[in-house]
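Structure, as C-alpha cells:
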C-alpha cells in the first residue's frame, strides 16, 4: 500500500483534508496511507523550538534542521524512496511528475514554513517541487496537491480507471468540455453531438474541443503533446482561423 509521509508543523491541516473525499475513501479502503510527523514533537529543548533567526541577518525565521532530521529519521520508509521538499525554487509539478511518483511504495514530503528551511536539510532531499511562480504561507497546501494528484492514480483509489484516461494532461492536452442534464439551461444547449449516441462522433468532437481549448489557453502544451496526423491538421486549421480573425 503506497504511503505518504508528511513532515509538517500543522498535521491537522493534512489529516483533515486527507480524511475526506477520494483520498479519504482511498485510506479507508487501504489503497493508500497518509501519515504526518510534527518536527515540534522531536525537539529536545523544553520550548519545542523549531525555528530561529537567519545567519547573516534578514527578516523572518528559518526552520531549524535538527527537528526535521529527527522527524525524518523516525520514518519507516523504503530505501531510495523520494524525499520531496515543497519549495518555490523547485521544479514545477505536473501530471507527468505525478505519474512517476505514483510508482513508488512510499513518498516523504517536507513542508517548509516561515522564510524556509535550513539549507542543510537538502542533504536528505531527493527533489524540490514547486506548485508555481508564487509564494504560499507554508508547504502544506503544496503537499496536499502532491498527495491528491499522486494518490488518485493508485489503482482502486479513484474507482473507474477509464476516468483517468480521459482527463486533462494525460496526453498533453486539455479535457473537452463536460455537460450533464438538463439538455437546455437558461437557453444554453448541450451540443447535439453529445446527445446523438454516435460514439465515434462524440470521441472526435471531444478530441477536437480538447485541442481547441489547449491551443487557446495553453499553446505551450501543444509543442510537447502526443498528437496524431489528424490532430496536427486540425491545429493548423485552428491557427489559420485565429490568424484570419
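Taking only the range 90-104 into account, find how many residues are in contact with a strand residue (DSSP E or B) (Cβ under 7 Å, 6 or more places away or on another chain) and farther than 14 Å from residue 126 by Cα.
2
Here is a list: 132, 159. Which entry is assigned by TED's automatic domain parsing to the domain that holds residue 97, at positive phi, out of contact with any strand residue (DSSP E or B) (no Cβ under 6 Å at 6 or more places or on another chain) and not in a helix (DSSP H, G or I)?
Of 132, 159, the one residue that is assigned by TED's automatic domain parsing to the domain that holds residue 97, at positive phi, out of contact with any strand residue (DSSP E or B) (no Cβ under 6 Å at 6 or more places or on another chain) and not in a helix (DSSP H, G or I) is 132.
Give me the residue from the range 183-234 that is farther than 25 Å from residue 245 by Cβ and assigned to a helix (DSSP H, G or I) and, out of that set, nearest to the chain's Cα centre (by Cα).
203
Just to be sure before I move on: is residue 222 touching a residue at least 40 places away in the same chain (Cβ under 8 Å) and closer than 29 Å to residue 95 by Cβ in the structure I sent?
Here the answer is yes, as residue 222 does meet what is asked.
Can residue 89 be described as under 27 Å from the mean Cα position of the chain (by Cα), loosely packed, with under 12 Cβ neighbours inside 10 Å and either in contact (Cβ under 8 Å) with a residue 24 or more places away in the chain or part of a loop (DSSP other than H, G, I, E, B) (or both)?
In short, yes.
If residue 34 satisfies all but one of (1) in a helix (DSSP H, G or I); (2) over 18 Å from residue 112 (Cβ atoms); (3) under 17 Å from the mean Cα position of the chain (by Cα), what's the number of the condition it fails?
Among (1) in a helix (DSSP H, G or I); (2) over 18 Å from residue 112 (Cβ atoms); (3) under 17 Å from the mean Cα position of the chain (by Cα), the lone unmet condition for residue 34 is (1).
So which pairs qualify, if the first residue must be in the range 21-47 and under 17 Å from residue 111 (Cβ atoms), the second must be at pLDDT 95 or above and assigned to a strand (DSSP E or B), the Cβ gap must be under 6 Å, and the two must be at least 6 apart or on different chains?
Once the first residue is under 17 Å from residue 111 (Cβ atoms) and sits in the range 21-47, its partners that are at pLDDT 95 or above and assigned to a strand (DSSP E or B) give 34/4; 35/5; 36/6; 37/7.
Please go through (1) under 26 Å from residue 149 (Cα atoms); (2) at pLDDT 95 or above; (3) touching a strand residue (DSSP E or B) at 6+ places or on another chain (Cβ under 9 Å) for residue 31 and return the number of the only condition it doesn't satisfy.
The one condition residue 31 does not meet is (3).
The values are calculated or read from the model by the stated rules, or taken from the named source; none is laboratory data. Just so you know, these numbers come straight off a predicted model, no measurement behind them. Ideal geometry is used to build each Cβ from the backbone, glycine not excepted, and the neighbour counts take in all protein chains shown.
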